[in-house]
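The values are calculated or read from the model by the stated rules, or taken from the named source; none is laboratory data. Because the structure is predicted, anything quoted here is derived from the model rather than measured. FYI the Cβ positions are ideal-geometry reconstructions off the backbone, even for glycines, and counts take in every protein chain you see.
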Amino acid sequence: MHGITRLLAIAEIPRASYYKWRATQPQRDARQDRDHEIKEHMMAIHMAHPYYGYPRMMNDLCEVGYIVNHKKVWRLMKVLGIQSIIRRKRNVSNYTPSVVYPNRLKRKFHATAPQQKMVTDITYISDGSKFYYLSVIQDLFNNEIVVWQLSERNDVELVMNTIEQWIRKRDVAEAVLHSDQGFQYTSQAYNTRLEAFGVKGSHSRKATCLDNACIESFFSHLKTEKLYLGQCNSGDEIHQAVEDYIYFYNYQRFQLKLKKRAPIEYRCALAA
């Protein structure tokens, strides 16, 4: 058995170089472990959003705590063999909105009481073979998810079912309900339902997602904190995952804006 000094002499490697290499080995191992975790998250994000390029991939990684620059994200995507799927251009739609409301919120997302300012939107979730559509209504007073509906179809019926659930659950008169200008939210059926219950409709400007940033933020948390961490393989699994996360979000996930309380805890504390 040979000593390290003799082996280094045989290999013609300076002792200083060897000890420098040995000192940096734990750091190298730690970087490799972290890169492995980042790659796992990237694959999960890619499965849920195959159209993501490296800029949006970088943003989603930041949401779950991995601060990685765009060059590294691009390099790791290349190593993993993933790239964004370019969408085919669709034919121009002939759809003409029936009703377009003014933007009543104008990015003023603070509310002083429940049921003052509500926001709504739809996001999609994949089980690996098909898409499901999640519609939610959020109260900007405490960021609480008041109602939600999951469907296999992204249509007016999904939005109307969400509205019906909200109307049965709360007194909605005089509330402002803000959305984007999707076809569901500019339909005559939607407008008629809001008018019947005294709800004031509000729309974002076209192609301006920041006008509805609060609900976009919720969808991002749902996906990065729950859905990306484990692949749902059926509609039932997606339904259960969404139900579990919304309960956690409403009752347990504290927010700095709410004085480190969860949404429902904050509302109940102020009502007491």
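Inspect all residues belonging to the stretch 121-129 and state whether any of them is over 17 Å from the mean Cα position of the chain (by Cα) and either outside any strand (DSSP E or B) or over 25 Å from LYS259 (Cα atoms) (or both). Checked against the condition, which is being over 17 Å from the mean Cα position of the chain (by Cα) and either outside any strand (DSSP E or B) or over 25 Å from LYS259 (Cα atoms) (or both), the stretch 121-129 yields at least one hit.
When SER217, SER204 are checked against the criterion of being under 22 Å from ASN59 (Cβ atoms), more than 18 Å from the chain's Cα centre (by Cα) and not β-branched (Val, Ile, Thr), SER204 stands alone in meeting it.
For every residue, the table says whether it meets (1) among the aliphatic types (A, V, I, L, M); (2) in contact (Cβ under 8 Å) with a residue 40 or more places away in the chain; (3) over 20 Å from ARG104 (Cα atoms).
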position	(1), (2), (3)
TYR132	no, yes, yes
ILE137	yes, yes, no
PHE141	no, yes, no
ILE145	yes, yes, yes
TRP148	no, yes, yes
SER151	no, no, yes
GLU157	no, no, yes
ASN161	no, no, yes
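Just one of ARG205, ARG168 is surrounded by fewer than 16 Cβ atoms within 10 Å (Cβ to Cβ) and over 20 Å from ASN103 (Cβ atoms); which is it? Full working, then the answer.
Working: ARG205 fails: over 20 Å from ASN103 (Cβ atoms).
The match here is ARG168.
Just one of ILE137, ILE167 is assigned to a strand (DSSP E or B) and either at pLDDT below 95 or not aromatic (Phe, Trp, Tyr) (or both); which is it?
Values: ILE167 fails: assigned to a strand (DSSP E or B).
The unique qualifying residue is ILE137.
Each row is one residue, and each column tells you yes or no for (1) part of a helix (DSSP H, G or I); (2) modelled with pLDDT of 95 or more.
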{"residue": "GLN231", "(1), (2)": "no, no"}
{"residue": "HIS239", "(1), (2)": "yes, yes"}
{"residue": "VAL242", "(1), (2)": "yes, yes"}
{"residue": "TYR245", "(1), (2)": "yes, yes"}
{"residue": "PHE248", "(1), (2)": "yes, yes"}
{"residue": "ARG253", "(1), (2)": "no, no"}
{"residue": "LYS257", "(1), (2)": "yes, no"}
{"residue": "ARG267", "(1), (2)": "yes, no"}
